[in-house]
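The values are calculated or read from the model by the stated rules, or taken from the named source; none is laboratory data. Just so you know, these numbers come straight off a predicted model, no measurement behind them. Heads up, the Cβs are rebuilt from the backbone with ideal geometry, glycines too, and the neighbour counts pull from every protein chain shown. Quick note on the areas: whole protein, heavy atoms, side chains included, nothing else; ligands and nucleic acids left out. Shrake-Rupley method; radii C 1.70, N 1.55, O 1.52, S 1.80 Å.
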Amino acid sequence: MRGLLGAAVAQNWCDFDGRLAKLKPSDPIDAAVRGRFGANTTYVLRPPDTFAQQGMFAALSQFVSSLEQRPTRANRIARPVGRLLRDFEVSLAAGQAATSLDLLEEIERTGGISHENIAFLRFRRLSQLGEDRQILDDHALRTLVATEPPRLVREAVLAAWYRVNARDGNDPIELIQQLRDFRVDIALLVDNLSAATVSADVWGTVALVALARGDISLARDLLGNDSVNGGELRKLVRSLAGGAQPLHPSDAEAAGATVERVSAEQTDDTTEPAVSDHSGETGDDTNPSSTPQRTAKGTEAGDRDWPMDSWTAWLKSLNSDDPAPPLDTDLAGMWPAPGESDAELSSAIDNLPDAATVRIFAGLAAFIDCDDYAKPAWRTAAVLIRRHLYSDSLTPSDLGAISALLAIFLRGGPDVGAYRELLGDLVDDDIRGRWAAVSTASAAMDIADLVVTSPTADRATQQGFVATALETLHAQRHRLTESLRVIGDLATSDSVLTWDWSVTQSGEADALVDSENYPSSILLYSLEEAVLARAKAAVERIYPGIQVVLSSTKVGSVGLREHARRAGLIVLATRRAAHAATGFIQTHAGDARIEYADGCGSASMLRAVEQGLRLTAE
């Protein structure tokens, strides 16, 4: 609409800078318009004299007539379902909450995918956001359990149930009874492969199922998982694996007696049972077929007709004439992290032809998810960024992927040559306009601020990158929101650039809402501490009366629970949510409004704060 109005009246009849008007709640006309159409929906045109006013109304009348007579057309070109699915996975990995929802809705509209698979995608997204209640209340849960869903979806449901029901530390008997009384038999999602999970919440639910079934085989598999502590529940599982009587949820008194008997037996249980035994009685592990050999979560050895045991093996398969094998986080998560073979991976991708880019990007989401914070694959990340830059167009999910890959690159401590080369490619004259524009301002600010707040190999290169990347946005700063201007000001100030990001506000540019309606405390959550620090500095500048609490912990704690309960607004960055405390925060959030950043950068988080405050105050 901004462009159409500019074409109809700008320059000829009145000045029009394209900014939305900030309507005064105290003005009766402004209040009526706002009440009818909502905030941030209105443009105000002010012709300089009567003659211009008459001309403007004539032009607007012609403009409305043209709109009414225009033919119906599709709003967007339909994209292949395969590309939409790839973008959806990438947006989840990059922490783009709003973008992933848009893509999910587009996938539903496009068709070509079953209702069950749509439900799988929806559950994947809800799990990433930590929406445990929505998962358990979803009308499709019963059908989903019966369809034998993928491993990631199974774990999403099992983890959600445990977080919701074990939040108050209920004893095992009560939890088993709750599991039995739940409207859907989610125990059907549990098998022996479930014991190998890296999620403590999934492990808890699987342990309860093992105790309820009296499943010694599953109990021993659970004990063989050293990545999860399990606490008191692990002691009960150890006793079951050693031959104690099972807990029967159908008989509460007998179950209570069993708990007492198991607890007594724990004092004599000093050895760990053989976890490879699946006979149910002995510790004989001479039969190698007794334990499923996992090549991927949810599959057993021999189920696949192609050997996939590393990132290099997967890339080699892309060089053949055969169709590229699918790659998901389940499989890739079992391989050594990409950083272990970074130089080899980057060289292999560089040697692949341009025609292989689509197949390479089929593993992009898994690469981002499997990145090891301690040993980033920065060379491979740089090669993947260039593959994006040389493609025909950049979608919102592409920009999110570039931001996530750039974070991997910068965290890896690249040498000066690689640092200069990649930043130079990003601000190349033929490429910069595709991402550093007003229409993509939030993503551009995320990228620029990421470069500023990350360790630098060359200060001059960093300063030149920020100046070039933000030049267009600074010139068009009157079209940016206040939050984006503040991020731009902080980024350029840290780069020793004395740019003025302020704009001249018109008389009607008062606050949209009374600041007295803002919550007194905000909780910001992200695994990126630099992003949190930047977002806090920006919030304190724009909203000085609000207390900002930060958290980057990967597990729930008493302190985090109290912060979640006291906050009036919670903003979550959901990238790598499988290793984060988003579900814990959701469980203890109380009446707080929860917003999600559409990206992993400071600008995305600040935009979520801005939206959350506006909606909370209204």
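Annotations for the structure displayed:
- Among 219-226, 235-242, the peptide with the highest mean count of other Cβ atoms within 10 Å heads the list, and the full ranking is 235-242, 219-226.
- Rounded to whole Å, sorted largest first: equivalent-ellipsoid semi-axes of segment 38-141, Cα gyration tensor: 43, 19, 13
- Measuring max minus min along each principal axis, the C-alpha atoms of segment 311-468 give extents of 45, 32, 25 Å (largest first).
- Relative contact order of segment 338-495, taken over Cα pairs closer than 8 Å and 6 or more residues apart, is 20 percent.
- All-pairs Cα distance distribution in segment 96-246, expressed in whole percent, bin size 5 Å: 2, 9, 19, 21, 19, 12, 8, 5, 3, 1, 0
- For K536, a cut-off of 27 angstrom between C-alpha atoms picks up these lysines, skipping any fewer than 8 places away in its own chain: K22, K554.
- Among the trypsin sites (Lys or Arg not before Pro) in segment 10-89, those placed in a DSSP loop whose Cβ has at most 10 other Cβ atoms within 10 Å are R73, R76.
- Within the accessible area of segment 91-231 (1.4 Å probe), percent carbon and sulfur: 46
- The Cα center of segment 564-618 and the Cα center of segment 418-478 differ in position by 27 Å.
- Calculated SAXS-style log₁₀ I(q)/I(0) at q = 0.19 Å⁻¹ - segment 319-402, Debye, Cα scatterers: -0.90
- Under Karplus coefficients 6.51, -1.76 and 1.60, residue-wise ³J(HN,Hα) of segment 393-400 in Hz, glycine/proline x: 8, 10, 7, x, 5, 4, 5, x
- Summed side-chain charge close to L315 - residues other than L315 whose Cβ falls under 10 Å, Lys, Arg +1, Asp, Glu -1: +1
- Note: segment 1-68, Cα convex hull, 101 Å³ per residue.
- Residues whose amide H lies under 5 Å from that of I594, counting only those 5 or more places away or on a different chain, are I570; hydrogens are built 1.01 Å from N in the peptide plane.
- By average C-beta atoms within 10 angstrom, highest first, the peptides 590-601, 483-494: 590-601, 483-494
- Residue-wise HN-Hα coupling along segment 596-605, computed from phi with Karplus coefficients 6.51, -1.76, 1.60 (Hz; x: Gly, Pro): 10, 6, 8, x, 9, x, 5, 5, 5, 5
- Amide H to amide H, with H built 1.01 Å from N, T42 comes under 5 Å of A21, counting only residues 5 or more places away or on other chains.
- The alpha-carbon atoms of segment 362-444 define a convex hull whose volume equals 91 cubic angstrom per residue.
- Shape of segment 83-155 from the C-alpha gyration tensor: oblate (a/c of 1.5 or more and a/b not above b/c, with a ≥ b ≥ c the square roots of its eigenvalues).
- In this calculation the C-beta distance from E471 to L4 is compared with R0 = 30 Å, giving a FRET efficiency of 0.65.
- G412 long-range amide H proximity, modeled H, under 5 Å: none
- Oblate is the label for segment 521-615. Its Cα gyration tensor axes, ordered a ≥ b ≥ c, give a/c of at least 1.5 and b/c at or above a/b.
- Cβ-Cβ distance of S391 and E105, R₀ of 30 Å, FRET efficiency by 1/(1 + (r/R0)^6): the value works out to about 0.80.
- Listed residues T99, T41 arranged by accessible area, highest first, probe 1.4 Å: T41, T99
- Computed label-point distance, nm, for sites A78 and D15 using a 7 Å Cα→Cβ extension: 4.8
- Where labels lie 7 Å past Cα in the beta-carbon direction, separation of A457 and H139 in nm: 5.4
- Using 0.36 nm per residue and subtracting the Cα-Cα separation, the extra length available between S557 and S502 on full extension is 15.7 nm.
- Between segment 330-384 and segment 189-232, the C-alpha centres lie 31 angstrom from each other.
- A simple count of charges around N117, restricted to other residues whose Cβ falls under 12 Å of its Cβ and scoring Lys, Arg +1 and Asp, Glu -1, yields 0.
- Against the empirical curve 2.2 N^0.38 Å, the C-alpha radius of gyration of segment 377-522 lands at a ratio of 1.14.
- Mean Cβ count within 10 Å, highest first, over the residues of peptides 373-383, 23-33: 373-383, 23-33
- Positive contributions from Lys and Arg (+1) and negative ones from Asp and Glu (-1), summed over other residues with Cβ under 12 Å from the Cβ of T453, come out at -3.
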